[in-house]
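The values are calculated or read from the model by the stated rules, or taken from the named source; none is laboratory data. Computed from a predicted structure; not experimentally measured. Here Cβ is always computed from backbone atoms with ideal geometry, including for glycine, and neighbour counts include all displayed protein chains. Accessible surface is based on the protein model in full, side chains and every heavy atom, while ligands, DNA and RNA are left aside. Shrake-Rupley method; radii C 1.70, N 1.55, O 1.52, S 1.80 Å.
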Amino acid sequence: MRTPLIAGNWKMNGSFEDTNVLLASIEDGLERRAEAAEGKARKVDVLVCPPFVYLETAARAIEDSDIALGAQSVSAEKPGAFTGEICSHMLKDLTCSYVIVGHSERRQLYGETDTTVGKKFKAAAEAGLKPILCVGESLEEREAGKAIDVIKRQIDAVMDIACEKCFENAVIAYEPVWAIGTGETATPEQAQEIHAEIRQMIAARSGKIAKKIRILYGGSVKPANAADIFAMEDIDGGLIGGASLKAEDFLAIIDAA
Ligand code: PEP
């Protein structure tokens, strides 16, 4: 049985104050829900991924809670002359346990290729971080019937660079590019179809990892659609953008899992 993971990707939003206020509200909400459920609620892993500069503030805010901390990107390099970059061991110093790699905004806006993403994934996993590998097709690719081919290319590239062991603690996030921040969501059936394919792709390399790896759905998940999406067999939680910035919405999405 895979424990669902609800991960908030704050993107480039917030301030020191927002970070403290949002995390205090999430923590408070989680405590109240745990008390109300009297230990009967299903376990859900909760993760927040603030911008780099707020990681330390966030780490302090959640140190007495079960909320995990992650970053939104990482360098593929070891420490050295890489101006402006942040490497895995720095994220570990900040108590991060997860890191998002290959988000479509990084691929589209900052030119990250499948190879760059594979190298980042490998560096993060080898340093002991849990990489969350984002994959997904554009609207054009979906309409051309190429969604599976694109996702297979993205996953194969990482599997060719990183060893099988690197996938042991990894997470995959299926995020159709046309659903990110647009208000459009894949139907639960559309998402399930792709998630099942992704699990098959992993199974082709390792059946053991395919069974245990969590595959999240991301793309305009909201309190209103979360439960139907998370009810699907191969959907193990969500990567949440916009709705992770509102404590009430994020908590409702956690409840839905
Ligand atoms: C994301 O950025 O990973 C994402 C899924 O964003 P949103 O939930 O806002 O669509």
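Key figures for this structure:
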| item | result |
| --- | --- |
| Hits in the stretch 4-58 (condition: within 16 Å of the chain's Cα centre (by Cα), aliphatic (A, V, I, L, M) and open to solvent by 70 Å² or more (accessible area, probe 1.4 Å)) | MET12 |
| Output for the stretch 78-88, where each listed residue is open to solvent by less than 90 Å² (accessible area, probe 1.4 Å) and touching a residue at least 24 places away in the same chain (Cβ under 8 Å) | ILE86, CYS87, SER88 |
| GLY145 of a type outside the set (S, T, N, Q) and within 14 Å of the ligand (Cβ to nearest atom) | no |
| Residue among VAL150, VAL158 that alone is in contact with a Phe, Trp or Tyr (Cβ under 9 Å, 6 or more places away or on another chain), within 30 Å of GLU85 (Cβ to Cβ) and more than 16 Å from the ligand (Cβ to nearest atom) | VAL158 |
| Positions within the stretch 137-167 being assigned to a loop (DSSP other than H, G, I, E, B) and open to solvent by 10 Å² or more (accessible area, probe 1.4 Å), in sequence order | SER138, ALA144, GLY145, LYS146, CYS163 |
| Matching residues in the stretch 90-131 - criterion: being among the hydrophobic types (A, V, I, L, M, F, W, C) and within 16 Å of the ligand (Cβ to nearest atom) | VAL99, ILE100, VAL101, LEU109, VAL117 |
| Residues satisfying the stated conditions in the stretch 63-77, i.e. within 22 Å of GLY8 (Cβ to Cβ) and open to solvent by 10 Å² or more (accessible area, probe 1.4 Å) | GLU63, ASP64, SER65, ASP66, ILE67, ALA68, GLN72, SER73 |
| Criterion violated by HIS195 - all others in (1) in contact with a helix residue (DSSP H, G or I) (Cβ under 9 Å, 6 or more places away or on another chain); (2) touching a residue at least 40 places away in the same chain (Cβ under 8 Å); (3) closer than 16 Å to GLU137 by Cβ satisfied | (1) |
| Residue within the stretch 165-187 that is within 14 Å of the ligand (Cβ to nearest atom), at positive phi and at pLDDT below 95 present | yes |
| Residues being open to solvent by less than 10 Å² (accessible area, probe 1.4 Å) and assigned to a helix (DSSP H, G or I) - total across the stretch 102-134 | 4 |
| Test: residue in the stretch 8-25 that is within 16 Å of the ligand (Cβ to nearest atom), part of a helix (DSSP H, G or I) and touching a residue at least 60 places away in the same chain (Cβ under 8 Å) | yes |
